[in-house]
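Asks: Handing you this structure, nothing more for now.
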Amino acid sequence: MKTWMLAALLALPATAQAHEVWIERDGDGPARIYLGEPADAPPAGGDPEFAKLKAPRLLTPATGASQRRTGFIEVAVAPGDVRAWDDDVFAPWGEAGSREGVVYYARAGRSEATARLPFEIAPVTAGGNRFAVTRDGKPMAATEVTIVAPDRSTSKQTTDAAGMLDVGTAAKGRYLLVAAAKDSGRQTLPGGAVDTVHRITTTSFVVG
């Protein structure tokens, strides 16, 4: 397990540790939805847990049927930024009274300076390098964001009082931003009732 994910995902079971759901897109081509460890080179044949990513919910209209490829789900979507979420990847875990679950949110692109997911990392201006982390439209101050650079190296930043951070993009290629939050209190996921929900959000974008 990568040490950069330890603090955010310490409470997750072995099957969910260090895993993210993220989306990649090149131009207006099809979206590729992944489950895995984005800071690592993908294993041959895809991540062993990929089969658990069954039907992520797209907010962006699909223009064709989805296809399962080696390590990702491919789907043609309308032009623009792509968003999806999934609350049914890993089944709840833990003992009765302390059950836990995880919900994933993912976005690809920074052409829209808006957030539409309940938990999202969105650019402050279209195409910009300043991002805001929000929960239900409200800024999340003092939130740690992990930045995965095109060479898969990682760094961390913490959002300011307005929930914002600046991302350096000196290198060309794809960047991935990751943030996590934890909610306590009884909630119901597709796999059943839980007492704690871990929420993980990602945003990817390409620097040409």
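Asks: Just tell me which lysines come within less than 21 Å, Cα to Cα, of residue 182; anything on the same chain fewer than 8 places away is out.
Replies: 2, 138, 156
Asks: Aspartates and glutamates near residue 172 by alpha-carbon distance under 17 Å, same-chain residues fewer than 8 away left out - which ones?
Replies: Here the aspartates and glutamates satisfying the reach criterion relative to residue 172 are 24, 26, 151.
Asks: For a test of the definition: using alpha carbon positions, the gyration tensor, and the 1.5 limit on a/c, classify region 110-157 as rounded, prolate or oblate.
Replies: Cα axes put region 110-157 in the oblate bin.
Asks: Can you tell me the mean projection area, over all orientations, of the convex hull of the chain's alpha carbons? Units nm², please.
Replies: Mean orientational projected area (the chain, Cα hull): 10.9 nm².
Asks: Net charge near residue 112, counting Lys/Arg +1 and Asp/Glu -1 over other residues with Cβ under 12 Å of its Cβ?
Replies: Charge balance near residue 112 sits at +2.
Asks: In whole angstrom, how far apart do the alpha carbon centroids of region 24-73 and region 160-208 sit?
Replies: Going from one Cα centre to the other spans 17 Å.
Asks: Let me ask you something else. Below 8 Å between Cα atoms, with a sequence gap of 6+, how large is the relative contact order for the chain in percent?
Replies: The value is 19 percent.
Asks: Using the C-alpha gyration tensor of region 52-113, what are the square roots of 5 times its eigenvalues, in whole angstrom, with the largest one first?
Replies: Gyration-tensor ellipsoid for region 52-113: 28, 15, 8 Å.
Asks: Where the accessible area of the chain is counted over protein heavy atoms with a 1.4 Å probe, how much of it, in %, is carbon and sulfur?
Replies: 52
The values are calculated or read from the model by the stated rules, or taken from the named source; none is laboratory data. In this text, all values refer to a predicted model and were calculated from it rather than measured experimentally. Using ideal geometry, Cβ is built from the backbone for each residue, glycine included, and neighbour counts are taken over all protein chains shown. Note: accessible area is taken over every heavy atom of the protein model, side chains too, but ligands, DNA and RNA are not part of it. Shrake-Rupley method; radii C 1.70, N 1.55, O 1.52, S 1.80 Å.
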